[in-house]
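Contents: one structure, followed by commentary.
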Amino acid sequence: MNLISRLLPAAAFGALLCGQVVSRSIPLRGDGYFPVLVQLKDNSLLAVLRGGGPHVGKGGRLDLIHSRDAGKSWSKPRLLVDGPEDDRNPALGQLRDGTVIAAFAILSGYGADGKLARERSKRIFEGVYVTQSKDGGKTWSKPELSRPIHQFYWGQGAVSPYGKIVQLSDGTVLMAVYFEFHDQRGNESYIFRSRDSGRTWGEPTLIGKHYNETGILALPGDRVLAALRSEKGGSVSIASSPDGGKTWSDPVQVTENSEHPADLIRLRDGRVLMTFGDRLAPRGVRAVFSKDEGKTWDTAGTVQLADDSPNSDCGYPSSVETRRGTIVTLYYQVDDLNKAPESASARSVIWKAP
């Protein structure tokens with residue numbers, strides 16, 4: 001088991017932060033859960049975030065924010081989707097032809113009092129919906145239910161897409177989707193494929209049993225890397241595929257419990273960067289690098305990007321490397337658990353890799 005060692009004492013974090021961080025900002029207050037950040041072909045940054053409620057709430061919606069200056073400033077949020085039920089759990093990506101794809105889940109099962117049913121069987125995840133934009137996120141198509149994904153689990157549990165949507169060299173698009181089955185299977189993480197630029201999805205391939213939120217990364221040669229959150233404990237494990245996600249290695253644990261979930265990107269220097277939520281004090285966001293495409297990780301070079309969250313309701317980082325050579329990492333935190341989502345915020349760190 002390759003656990004990232006927590007080598008730096010709390011007192012050392014300040015020096016490390018000052019050495020790497022360029023700037024910090026709060027792009028969004030009062031909302032901003034679970035950001036997914038991508039860099040568009042025009043080098044602007046686009047992020048989708050949850051708004052309208054805390055983790056659970058019928059008012060849940062999805063918003064977009066945009067940056068045209070490498071994360072220095074951000075637009076006001078624009079609405080992506082806000083239906084009558086709880087719109088949640090976004091995924092986002094841009095294809096080589098410029099098409100931007102967003103996916104999300106819809107949760108129903110709220111009572112007249114606005115509370116979600118206690119019994120999991122009465123919490124209805126209506127499926128994975130997909131919408132597209134041909135103009136860099138300004139306008140979007142009507143969200144459409146992916147029926148193959150719906151049929152895969154319907155009546156057996158819950159479903160959610162997660163993280164970045166990626167594209168292989170042959171044009172195949174990959175999306176990570178996880179399920180929470182009501183039976184002994186528990187959580188399972190899959191890849192679904194689209195061979196028509198994200199319009200339809202199918203060909204499910206299991207990445208790992210008893211895992212959920214999974215960040216994926218397409219590497220040269222149609223290799224794919226996956227960072228999976230464990231069902232129990234909440235650690236992150238790494239699995240790899242040599243053939244475009246058709247077959248997968250056994251996941252190997254990389255982070256400790258309560259360090260999740262993770263996002264993966266490949267830097268211009270060839271290293272793989274994994275950022276992940278840190279729900280162990282000091283709470284916030286950490287980053288670690290791999291020089292061999294995820295086989296091993298430079299634990300001695302672990303970077304603490306944020307360490308000021310007052311509780312464990314934080315994290316879910318998503319990162320990009322800009323053309324300026326800086327890295328922009330978006331994440332969220334909640335300052336007061338009794339005042340959510342009012343005290344929630346989406347936060348940005350601009351930093352340089354050591």
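The values are calculated or read from the model by the stated rules, or taken from the named source; none is laboratory data. Quick caveat: nothing in here was measured; it's all calculated off a predicted structure. Heads up, the Cβs are rebuilt from the backbone with ideal geometry, glycines too, and the neighbour counts pull from every protein chain shown.
Laid out as a table, the results:
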item	result
Single residue of GLY325, GLY315 found to be small (Gly, Ala, Ser) and under 19 Å from ALA226 (Cα atoms)	GLY315
One residue from GLY137, GLY127 being in a loop (DSSP other than H, G, I, E, B) and at positive phi	GLY137
Test set (1) modelled with pLDDT of 95 or more; (2) surrounded by fewer than 18 Cβ atoms within 10 Å (Cβ to Cβ) - ALA112 fails condition number	(1)
The range 268-288, residues that are farther than 15 Å from GLY215 by Cβ and touching a strand residue (DSSP E or B) at 6+ places or on another chain (Cβ under 6 Å)	ARG271, ASP278, PRO282, ARG283, GLY284
Members of the range 185-215 that are in contact with a helix residue (DSSP H, G or I) (Cβ under 8 Å, 6 or more places away or on another chain), in a strand (DSSP E or B) and surrounded by fewer than 18 Cβ atoms within 10 Å (Cβ to Cβ)	GLY202, PRO204
Residue check for GLN333: in contact with a helix residue (DSSP H, G or I) (Cβ under 8 Å, 6 or more places away or on another chain) and either basic (Lys, Arg) or outside any loop (DSSP other than H, G, I, E, B) (or both)	no
Residues of the range 252-268 that turn out to be surrounded by fewer than 24 Cβ atoms within 10 Å (Cβ to Cβ) and within 13 Å of VAL224 (Cβ to Cβ), as a count	1
In the range 133-146, the residues that are over 14 Å from PRO90 (Cβ atoms) and among the polar types (S, T, N, Q)	THR139, SER141, SER146
Filter result for ARG24 (of a type in the set (Lys, Arg), closer than 30 Å to ASP196 by Cα, at pLDDT 95 or above and not in a loop (DSSP other than H, G, I, E, B))	no
Looking only at the range 285-313, and only at residues there that are of a type in the set (D, E, K, R) and out of contact with any helix residue (DSSP H, G or I) (no Cβ under 8 Å at 6 or more places or on another chain), the one that is nearest to ILE265 (Cα to Cα)	GLU293
Out of VAL272, VAL320, VAL288, sole residue that is modelled with pLDDT of 95 or more and under 23 Å from LEU64 (Cα atoms)	VAL320
